[in-house]
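The values are calculated or read from the model by the stated rules, or taken from the named source; none is laboratory data. All values derive from a computational prediction rather than experimental measurement. For neighbour counting, all protein chains shown are included, and Cβ atoms are generated from backbone atoms with ideal geometry for every residue, glycine included. What goes into the accessible areas is simple: the full protein's heavy atoms, side chains included, and nothing from ligands, DNA or RNA. Shrake-Rupley method; radii C 1.70, N 1.55, O 1.52, S 1.80 Å.
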Amino acid sequence: MAAINKLLVVGLGLIGGSVALAARKAGFAEQYLGVDLAQDERQGALTLGVVDQASDRLEELVPDADLILLAVPVLAMESVLQALKPHLKSSAVITDVGSCKASVAEAAVRVFGELPPRLVLGHPIAGKEKSGVSAADAELFLQRKVILTPAENTDPQALQLVRALWQETGAEVLEMPIDQHDQVLARTSHLPHLLAFSLVDTLARRDERLDIFRYAAGGFRDFTRVAASDPIMWRDIFLANREATLGALDEFLEGVQRLRTAVAEQDAEELVSTFTHAKSARDYFTALLNETGYQTMQNQTINFVTQPGAGPVQGQIRVPGDKSISHRSIMLGALAEGITRVKGFLEGEDALATLQTFRDLGVLIEGPHNGEVTIHGVGMQGLKAPQDPLYLGNSGTSMRLLAGLLAAQNFDCELTGDASLSKRPMGRVADPLRLMGAEIEAAEGGRPPLKIKGGKPLKGIHYDLPMASAQVKSCLLLAGLWAEGETSVTEPAPTRDHTERMLQGFGYPVKKEGATASLVGGGKLTACEIDIPADISSATFFMVAAAITPGSDLTLEHVGINPTRDGVINILRLMGASLELSNQREVGGEPVADIRVRYQPLKGIDIPEDQVPLAIDEFPALFVAASCASGTTRLRGAEELRVKESDRIQVMADGLQALGVDCTVLEDGIDIQGKGEAEAVFTSASLECHHDHRIAMSFAVAGLRASGSITIKDCATVNTSFPGFADLACSVGFKLEAKTV
Ligand code: S3P
């Protein structure tokens, strides 16, 4: 059933005509009416079936209209409102499509004495360079954004009706305050139009015969496309959105002036810095547009689907760089004096979140290109205040380590993250940092966002970690770099020591005495070269894959085997797996080796508790191995698994049970009844991984021993740690498809 009887469009141009066409297609109204002063637009609208009735007189059609859409130039809004006011029926709702909102709101107040509750101002972010009703297109708003700017007194029913209209056109409807709308549009739409008009005009004046355009290539075409837009409409927009445009223009002129100086003074560093910053912002935007980037991965649904009959797992591969070391290379490289060159950097979303953060803190970082990153260190005092909150996506490591580093700066900042990160405990870092003198505000329950106050002098403390956490240890050691005196941290069990190793690699002394690591604040870091090994946590999925699939023989190259990370090797060996390490060497302070895994039947074990922190990220995959072993595997002392990217004990247990495996969940662990003898260990199922990358990949590995297809929902976060996982897996014998749904 139609939502309303009569929709009246005032102004039968491209936008007004397209709204009417789209609304008609969706059956939004019983009848479509149009008012326009131009005879040919009225005629065109009738011929094209845009409206059923057209007139040049408002008084003829307004009295019957239930919803009136004003699609006239912004400076004409006032006279149109004035003219329709006496003819409105009391229930009528009015909306508009103007590109700036404050001037329309002011016009309405002048006409009605207040902003009428049934006037809902709006703006579709869509258009073409063509104008007129002949260019109208029912699909113009499909998947485009429409911004509504309701006021406090806006009638909720009126707002709902206008929302419904736009939703019917296929648009995504957003709301924001009028001022914000005008500021945002001044920068993202009005300014680029002004610049395009200006550049084309300037060139055309220098060369009246326009010969110069003959030589213009793609760059000119891309930059100036919008200079072909309607001059009258744009005149009105600049007159109406004067203040916000002037603000945007002043900022832009400052930027151009800075570049002018850099060119004049041959300041290569400033040019690279500006261009790199712009390029990374533009790449991010391109990713948004192409829906391949981080932000949109979150909105995009990717399911993994495995097929039976896969394997054996064979070949020789190198998995991406170590996530923990990638984070730390950016952090220490940024704080060092000199240029740090990194190889093997993980181009996954978590490490990229750290990289982007340091750009936002004013550090020039080139790359990553094929895992190579060049960081122009700014020294211990060189970070700059960020403009906006720092968004860290899914990355707990970024947030916890940065909390320590940023608590010691002389500016305020805020750290935010995605839905999963926003649920993770940050009190574990905020509490000891407060003991050092930091001022940090967290949301309820010590969760993100974290608001960090700058300019608080820190003093060194001794801290006994209540849990075995490398992130907390690293956070405090990083804060300790600026603290007065000594900062020391004692851990209840060994955790990964990449921070300590890398600090030493950058020439910063760190003392290790038993379970305690300490350093004295006030020193400096010196840039160095970093070669990041392949991530043992990513290699784990392939080690388990080969260990559970009969006939497998797989070699993983250049894997980091730091003794604080090698729990998975020890545990798999205890289970009877055949793992052979060769080519062992040390690269940039971290031990690496090639690991060859051959299939051999596994047996269930009691996992030694001292191995738990050394394999903390590997348990989802180890649970899959345990399901394929003969006998029971018991895990205890692993309560930390409950506060990872998901509750990894519960989410894995739910999935394994759905796959037909018996398991018993305990507060700090799990018992898994292996089905080693069975040819197919897992049944077909559709599983939730709760957006947890490691759980998604672990269930993909389970697909190698399944009797049917396994669907794993919501796997987009695999890109946080392992971009390209599905392709690499298929190259060694998996039958796995990453489906965008
Ligand atoms: C990490 C430490 C571990 C680990 C995480 C990375 C690090 O977290 O689970 O994936 O890089 O320091 P906890 O410190 O919370 O154990």
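May I ask you to say which residue of 637, 660 is touching an Asp or Glu at 6+ places or on another chain (Cβ under 6 Å) and either within 15 Å of the ligand (Cβ to nearest atom) or assigned to a loop (DSSP other than H, G, I, E, B) (or both)? It would help to see each step written out before you state the result.
Details: 660 fails: touching an Asp or Glu at 6+ places or on another chain (Cβ under 6 Å).
It is 637.
Output the residues belonging to the stretch 377-400 that are crowded, with 17+ Cβ neighbours inside 10 Å and under 19 Å from residue 365 (Cα atoms).
First pass over the stretch 377-400, keeping only residues crowded, with 17+ Cβ neighbours inside 10 Å: 377-378, 380, 383, 386, 390-400.
Hits for the stretch 377-400 are 377, 378, 380, 383, 386, 390, 391, 392, 398.
Report the residue count in the stretch 395-420 for those that are in contact (Cβ under 8 Å) with a residue 40 or more places away in the chain and either under 27 Å from residue 718 (Cα atoms) or assigned to a helix (DSSP H, G or I) (or both). Explain how you work it out, then say what you get.
Keep residues of the stretch 395-420 that are in contact (Cβ under 8 Å) with a residue 40 or more places away in the chain, which gives 395-413, 418-420.
Still in the list and also either under 27 Å from residue 718 (Cα atoms) or assigned to a helix (DSSP H, G or I) (or both): 395-407, 418-420.
Total satisfying the criteria: 16.
Name the single residue, out of those in the stretch 469-489 being free of Cβ contacts under 8 Å to residues at least 40 places away in the same chain and away from the ligand (no atom under 16 Å from the Cβ), that is farthest from residue 337 (Cα to Cα). Step by step, filter the stretch 469-489, then rank; the result is 488.
Only one entry of 666, 659 meets the criterion of being modelled with pLDDT of 95 or more, open to solvent by 30 Å² or more (accessible area, probe 1.4 Å) and not polar (S, T, N, Q), and that entry is 666.
Restrict the check to the stretch 434-445 and report whether at least one residue is within 16 Å of the ligand (Cβ to nearest atom), in the same structural domain as residue 330 (by TED's automatic domain parsing) and modelled with pLDDT of 95 or more.
If we filter the stretch 434-445 for residues that are within 16 Å of the ligand (Cβ to nearest atom), which is where we start, we get none.
No, that holds for no residue.
Taking the stretch 524-547 as the range and being closer than 26 Å to residue 682 by Cβ and either more than 15 Å from the ligand (Cβ to nearest atom) or modelled with pLDDT under 95 (or both) as the test, the residues that pass are 542, 543, 544, 545, 546, 547. Being farther than 29 Å from residue 717 by Cβ, of a type outside the set (Lys, Arg) and within 13 Å of the ligand (Cβ to nearest atom) holds for only one residue in 425, 457, 466, 492, and it is 492.
Condition check: at pLDDT below 95 and within 16 Å of the ligand (Cβ to nearest atom). Does residue 394 satisfy that? It is true that residue 394 is at pLDDT below 95 and within 16 Å of the ligand (Cβ to nearest atom). Filtering 692, 714, 727 for residues that are over 23 Å from residue 605 (Cα atoms), in contact with a Cys (Cβ under 9 Å, 6 or more places away or on another chain) and charged (D, E, K, R) leaves a single hit, 714.
To keep it simple, each residue is scored yes or no on (1) open to solvent by 20 Å² or more (accessible area, probe 1.4 Å); (2) hydrophobic (A, V, I, L, M, F, W, C).
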residue: 308; (1), (2): yes, no
residue: 312; (1), (2): yes, no
residue: 317; (1), (2): no, yes
residue: 328; (1), (2): no, no
residue: 334; (1), (2): no, yes
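Of all residues in the stretch 671-705 being among the acidic types (Asp, Glu) and closer than 14 Å to residue 629 by Cα, which is most open to solvent (accessible area, probe 1.4 Å)? Out of the qualifying residues, it is 679.
Is the stretch 16-34 home to any residue that is touching a residue at least 40 places away in the same chain (Cβ under 8 Å), farther than 23 Å from residue 108 by Cα and among the polar types (S, T, N, Q)? Yes: one or more hits. Remark: pairs (first residue in the stretch 725-741, free of Cβ contacts under 8 Å to residues at least 40 places away in the same chain and open to solvent by 20 Å² or more (accessible area, probe 1.4 Å); second residue of a type outside the set (D, E, K, R) and not in a helix (DSSP H, G or I); Cβ separation under 7 Å; 6+ apart in sequence or on different chains) = 730/736. Return yes when residue 621 is within 12 Å of the ligand (Cβ to nearest atom) and of a type in the set (Gly, Ala, Ser) and no when it is not. For residue 621, the condition - within 12 Å of the ligand (Cβ to nearest atom) and of a type in the set (Gly, Ala, Ser) - is not met.
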